[in-house]
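Only one structure is covered here, and it is reproduced in the block below.
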Amino acid sequence: MDATDEVIELCRDLLRIDTTNTGDLDTSAGERVAAEYVAEKLAEVGLQPEILESAPGRASVVARFEGEDPSRDALLIHGHLDVVPADASEWSVHPFGGEIKDGYLWGRGAVDMKDFDAMVLALVRQMRREGRKPPRDVVLTFLADEEAGSTYGAQFLVDEHPHHFEGVTEAIGEVGGFSVSVGGDQRLYLIETAQKGIDWLRLHAKGRPGHGSMINDDNAVTALAEAVARVGRHRFPIVMTPTVQAFLEHVSEILGIELDLDDPETAVSKIGPIAMIIGATLRNTANPTRLAAGYKDNVIPGRASATIDCRTLPGQSEIFEQQLRDIVGPDIELEYIHRQPGLETTFDGALVEAMSAALKAEDPGALPVPYMLSGGTDAKQFDKLGIRCFGFSPLRLPADLNFGALFHGIDERVPVEGLQFGVRVLDRFLQQS
Ligand SMILES: [Zn+2]
């Protein structure tokens, strides 16, 4: 079977394995089944996959596909097998049914990211059947636990089994290489060259506890609420990073928009639905997400806390911490719950050229541009090994599809033709890599 046919079957099979990651070890399931499925598909074509478990059931797969010249630096291709939960009652099809309807393959994980897992599997299987090798070694990983912070997947592999990544200098993975229509017969293909950092913080306020009927000007809830409101209302200044600047320059030129780098928001507002993604990469952000205080209606508690989900631009984490301290004031204590710095690489070199050439060969209207992801992926773990990471899981999408909304969304689905396009692009890319 040809890879462009098999990719549909493989993606469908993977979607039918419920790999919901709730973030809780007791209720997460399916990763082991999915890992065994993937390992079997790789072993069938003579590769030697290894299943690595970080905790019972939390399984990831690693395999090395030897290239023509194993002395060259290796390329990592990483995908994750887990998905976020889906509430079947909200969906128009069963989220784990793998249905094909209206030209789409539907299911939780269809774009995040069993589509890419299936593309990679289909391509590797075809290459092996045809006796073709990639130009250099390719390390394939299919990982657990991306959706709950990578602890039991990528982080475990990087920390406990780094020898699998020996010689790896570059990587491709999720959330890049997809198309965004910009009118006419042209499509931007957003290649991810940067990611914001994740800084989850807890704010703690202390005060004088007491009876709710008394006057209390040292109330922890009041102090916390004031600090949270200030943070939530604050707009951090625009910081132009090389990636976002390059994105805006490319897009302005393509769309014929005048770009004022002192006022990039005007340009961003003209680029359609992706404005939401790009807008979040112009500055550091801080969103209050949780509050905790008190235990009785008529008791003033001595302490109160709030969680703030902060996303910082590459290189901005320390500066941001100072800015946040200034906003909340000296009486609020800051505690980091989770801190991962942002990533950024340049949009150049042989690998980027291979991506661009592969996209243009399969879509003559392709306009590859670099962009920064406002979220995070497993790339953050591989970056710790000094690997240069890109988001490149190619998909050609219909002009009217709101792709961003499908991630973790209801009725997640991937165009069947997009999957097949992705396999062809990856094939060309890998030959040139
Ligand atoms: Zn993902």
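General observations
- Cα gyration tensor shape of the range 145-267, rounded if a/c is under 1.5, else prolate or oblate by comparing a/b with b/c: oblate
- All other residues whose Cβ lies under 11 angstrom from that of Ser71 are scored, Lys and Arg at +1 and Asp and Glu at -1, for a net of -2.
- Distances between placed amide hydrogens fall under 5 Å for Cys310 paired with Asp199, Trp200, Leu201, Asn287, all partners being 5 or more residues away or on another chain.
- Applying the Karplus relation 6.51 cos²θ - 1.76 cosθ + 1.60 with θ = phi - 60° to the range 83-99 yields 3J(HN,Hα) values of 9, 7, x, 9, 9, 4, 5, 8, 8, 8, 9, 6, x, 10, x, x, 6 Hz, where x marks Gly and Pro.
- Straight-distance crosslink candidates among aspartates and glutamates, where the alpha carbon sits under 15 Å from Lys101 and sequence neighbours closer than 8 are dropped: Glu9, Asp411, Glu412, Glu417
- Pair-distance profile P(r), taking every C-alpha pair of the range 273-343, with 10 angstrom steps and integer %: 16, 41, 27, 12, 4
- Loop-resident sites, the range 349-391, for chymotrypsin sites (Phe, Trp or Tyr not before Pro), counting at most 11 other Cβ within 10 Å (DSSP): none
- In the range 290-335, the trypsin sites (Lys or Arg not before Pro) that fall in loop regions by DSSP, at most 14 other Cβ within 10 Å: Lys296
- Taking a ≥ b ≥ c as the square roots of the eigenvalues of the Cα gyration tensor, the range 200-339 is prolate, since a/c reaches 1.5 or more and a/b is larger than b/c.
- Semi-axes of the equivalent ellipsoid for the chain, computed as √(5λ) from the eigenvalues of its C-alpha gyration tensor and ordered from largest down, come to 40, 26, 21 Å.
- Candidates Val84, Val328, Val38, ranked by Gaussian network fluctuation over the chain, Cα under 10 Å, top entry: Val328
- Sparse-neighbour loop sites [trypsin sites (Lys or Arg not before Pro); the range 112-141; at most 16 other C-beta within 10 Å; DSSP]: Arg132
- Nonlocal amide H pairs with Leu385, under 5 Å, H built at 1.01 Å: none
- Candidate aspartates and glutamates - alpha carbon under 19 Å from Lys270, same-chain residues fewer than 8 apart omitted: Asp185, Glu249, Glu253, Glu258, Asp260, Asp262, Asp400
- Pairs spanning more than 26 Å between alpha-carbon atoms, out of Lys114/Lys360; Lys41/Lys114; Lys114/Lys196; Lys360/Lys384; Lys114/Lys380: Lys360/Lys384.
- Global form of the range 211-273, assessed from the alpha-carbon gyration tensor, a/c cut-off 1.5: prolate
- Estimated vicinal HN-Hα couplings, Hz - the range 53-70 in sequence order (Karplus 6.51, -1.76, 1.60; Gly, Pro = x): 10, 8, 7, x, x, 8, 10, 10, 10, 10, 8, 10, 9, 5, x, 4, 10, x
- DSSP loop GluC sites (Glu not before Pro) with at most 14 other Cβ within 10 Å: longest gap in the chain: 259-433
- Normalised per residue, the volume of the convex hull around the Cα set of the range 44-148 (Å³): 133 Å³
The numbers here are math on the coordinates, done by the rules we state, and not lab data. This is a predicted model, so every value here is computed, not measured. Glycine also receives a Cβ, built like all others from the backbone with ideal geometry; neighbour counts cover every protein chain displayed.
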